[in-house]
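Structure first, commentary second.
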Amino acid sequence: MKFVSTRNGKKPVSFREAVFSGLAPDGGLYIPTEQPDLRARIGAFSKKNTFQEIAEALSGDLIGEELSRESVRRVSERAFTFEPALQPLEEGLTLLELFHGPTCAFKDFGASFLAVVMEEFLLQESRQAVILVATSGDTGSAVARAFHRKDSIDVVILYPSGRVSTLQEQQLTTLGGNVTALEIQGSFDDCQRLVKEAFVDSRLRESLVLSSANSINLGRLIPQAFYYIYGVCRLERATEEQLLICVPSGNFGNLTAGVYAWQWGMPVDGFIAATNVNDVVPEYLMTGEFRPRRSQKTLSNAMDVGNPSNFERLSIMFEGSVDKMRKWIRGVRITDQETRETMSQVYRDTGVLIDPHTAVGVLASRRYRRDSGFVGHILTLATAHPGKFVDIVQEATGVTPDLPATLEDALSKKKQATTLTASLEVLREFLLEHYG
Ligand SMILES: *Cc1c(COP(=O)(O)O)cnc(C)c1O
């Protein structure tokens, strides 16, 4: 596979280059030049295949030109020490649980794969790289965990002092080793600005190999397609029954990966894009107008995105045509009040606790079924463990979800962070002193 920028179809680059540069030089996102036809491969998978096996076979088909068979095997073995799980919720609705990884959210799949792939490439070249990440909380912890103890890679995480939750801060600051947490005296926007400035700083670029691991990195997107394919293979349903997949969405990376899986040959009849009140994409599907705006705070805060960065990728797959996109994607918007009611009602009726992001997906699935008369099966992605949102889940259901062991563990460890003012000079000095 080769990749080009969303803003310029010329100058294809390798997977390796797309992974290490993150963003294309023109500011666009990398997309595949063409979608491979994997129908035969996908058709040959059975319910007996493990997630690792599926990931290994698909990785081989997609990036086998750049990594040896041995490397591809190591990547899936090391990256995927956890699996998705299917949880039937009610007649015609099954959850695909993606929160059994180290930080209990689906971002573990992409972050883990990216970390191991980068490590493989760097080992081949005996080089050392520094990954710089700005985080408002969640993404940073998935990345930190994924890159922890990787040879040849150091991770520096910038987070805004006093503006992340205790649990998030503990996850970022207690790993140690090759993971360094910088507590920035400023906002998340300051952290993001510093990272951007560092990437283009000539003194830093002379002395270090700097790389990013943010959510637009293609190396995080591609492995997300694997769990869609796994979920569809594992789902129990009548063969002629139609299937939709519902994706709780913010930046739309997850949905984009699902659409890739469909284009490669995964059998599915369409997608439901579920959002909270930050409904730029459902609105686009309804009106044909894309109106990015400031995000609003909601209970499903990982989906509080007012200008979804992956829309650029998604739109190109439908040739910029809203009519073409509508044939495959339906948008549904869910409020906080409805999110609370859904968490409570699902618990009452089934005994299953769901987190607020998953609740948006569950209600969107039901609402779409009611409004359209759809009679097939819906696979709804469960994007985070309810224990990550203890307070919200407790308030909605009256029940306190268990904190997963890995999070419990982080809470008991000692915080280690370096406090810095939000200035490029200070950051540069820190990076040169420690990694130069
Ligand atoms: C990041 C995240 C989302 C949104 O995923 P996108 O790929 O940004 O659309 C949904 N739920 C949870 C729990 C997340 O962490």
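Inside region 62-91, residues that are surrounded by fewer than 18 Cβ atoms within 10 Å (Cβ to Cβ) and touching a strand residue (DSSP E or B) at 6+ places or on another chain (Cβ under 6 Å) make up a count of 4.
Taking every residue in region 260-283 that is outside any loop (DSSP other than H, G, I, E, B) and pairing it with any residue that is acidic (Asp, Glu), at least 6 positions away or on another chain, the pairs with Cβ-Cβ distances below 8 Å are TRP264/ASP37; GLU283/GLU289.
Residues of region 55-111 that are within 16 Å of the ligand (Cβ to nearest atom) and on the phi > 0 side of the Ramachandran plot: CYS104 alone. If only residues of region 113-130 that are open to solvent by 30 Å² or more (accessible area, probe 1.4 Å) and outside any helix (DSSP H, G or I) are counted, the one that is farthest from the ligand (Cβ to nearest atom) is SER126.
ALA144 is checked against (1) modelled with pLDDT of 95 or more; (2) open to solvent by less than 40 Å² (accessible area, probe 1.4 Å); (3) within 16 Å of the ligand (Cβ to nearest atom) and fails just one. What number does that condition carry? It is condition (1) that ALA144 fails. Against the list (1) more than 11 Å from the chain's Cα centre (by Cα); (2) closer than 26 Å to THR166 by Cα, the condition GLN124 fails is (2). Only one of the listed residues (ARG326, ARG340, ARG313) is modelled with pLDDT of 95 or more and within 20 Å of ALA382 (Cα to Cα). That residue is ARG340. For residues in region 235-261 being of a type in the set (D, E, K, R) and either at pLDDT 95 or above or out of contact with any Gly (no Cβ under 7 Å at 6 or more places or on another chain) (or both), which is farthest from the ligand (Cβ to nearest atom)? Among those residues, the one meeting the criterion is GLU240. How about region 346-361: which of its residues are crowded, with 24+ Cβ neighbours inside 10 Å and either part of a loop (DSSP other than H, G, I, E, B) or at pLDDT below 95 (or both)? Answer for region 346-361, where residues must be crowded, with 24+ Cβ neighbours inside 10 Å and either part of a loop (DSSP other than H, G, I, E, B) or at pLDDT below 95 (or both): ILE354, ASP355. Looking at the structure I just gave you, is THR406 under 30 Å from ALA181 (Cβ atoms), open to solvent by 10 Å² or more (accessible area, probe 1.4 Å), modelled with pLDDT of 95 or more and of a type in the set (Val, Ile, Thr)? So THR406 fails the test.
Scanning region 240-249 for any residue that is part of a loop (DSSP other than H, G, I, E, B), of a type in the set (S, T, N, Q) and closer than 16 Å to ILE334 by Cα turns up at least one such residue.
If I filter region 409-435 down to residues being in a helix (DSSP H, G or I) and open to solvent by 80 Å² or more (accessible area, probe 1.4 Å), which single residue comes out as nearest to HIS100 (Cα to Cα)? Here the residue is HIS434. Of all the residues in region 362-387, those that are within 11 Å of the ligand (Cβ to nearest atom) and open to solvent by 30 Å² or more (accessible area, probe 1.4 Å) number 1. The single condition among (1) assigned to a strand (DSSP E or B); (2) open to solvent by less than 10 Å² (accessible area, probe 1.4 Å); (3) modelled with pLDDT of 95 or more that VAL133 does not satisfy is (3). Exactly one residue among GLN296, GLN242 is of a type in the set (S, T, N, Q), closer than 26 Å to ALA40 by Cα and open to solvent by 10 Å² or more (accessible area, probe 1.4 Å), and that residue is GLN242.
ALA422 meets all of the listed conditions (1) over 30 Å from VAL200 (Cα atoms); (2) in contact with a Gly (Cβ under 6 Å, 6 or more places away or on another chain) but one, namely (1).
Any chance region 226-234 includes a residue that's in contact (Cβ under 8 Å) with a residue 24 or more places away in the chain, within 13 Å of the ligand (Cβ to nearest atom), over 30 Å from ARG127 (Cα atoms) and open to solvent by less than 30 Å² (accessible area, probe 1.4 Å)? So far as region 226-234 goes, yes, one or more of its residues are in contact (Cβ under 8 Å) with a residue 24 or more places away in the chain, within 13 Å of the ligand (Cβ to nearest atom), over 30 Å from ARG127 (Cα atoms) and open to solvent by less than 30 Å² (accessible area, probe 1.4 Å). Restricting region 265-285 to residues that are among the β-branched types (Val, Ile, Thr) and away from the ligand (no atom under 12 Å from the Cβ) leaves a set whose member that is surrounded by the most Cβ atoms within 10 Å (Cβ to Cβ) is ILE272. Exactly one residue among LEU132, LEU96 is of a type in the set (A, V, I, L, M) and farther than 20 Å from HIS148 by Cα, and that residue is LEU96. Right, GLY288: in contact (Cβ under 8 Å) with a residue 40 or more places away in the chain, open to solvent by 10 Å² or more (accessible area, probe 1.4 Å), farther than 30 Å from ALA40 by Cβ and among the small types (Gly, Ala, Ser) or not? No.
Residue-wise test of (1) in contact (Cβ under 8 Å) with a residue 60 or more places away in the chain; (2) within 16 Å of the ligand (Cβ to nearest atom); (3) on the phi > 0 side of the Ramachandran plot.
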position	(1), (2), (3)
ASP391	no, yes, no
GLN394	no, no, no
GLY398	no, no, yes
PRO401	no, yes, no
LYS413	yes, no, no
THR418	yes, no, no
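Going through (1) open to solvent by 30 Å² or more (accessible area, probe 1.4 Å); (2) within 20 Å of ILE334 (Cβ to Cβ); (3) out of contact with any Ser or Thr (no Cβ under 8 Å at 6 or more places or on another chain) one by one, TRP262 falls short only on (2).
The values are calculated or read from the model by the stated rules, or taken from the named source; none is laboratory data. As the structure is a prediction and not an experimental result, all values here were calculated from the model. Please note: Cβ atoms are built from the backbone with ideal geometry, for glycine as well, and neighbour counts cover all protein chains shown. Surface accessibility is based on the protein's heavy atoms, side chains included, excluding ligands, DNA and RNA. Shrake-Rupley method; radii C 1.70, N 1.55, O 1.52, S 1.80 Å.
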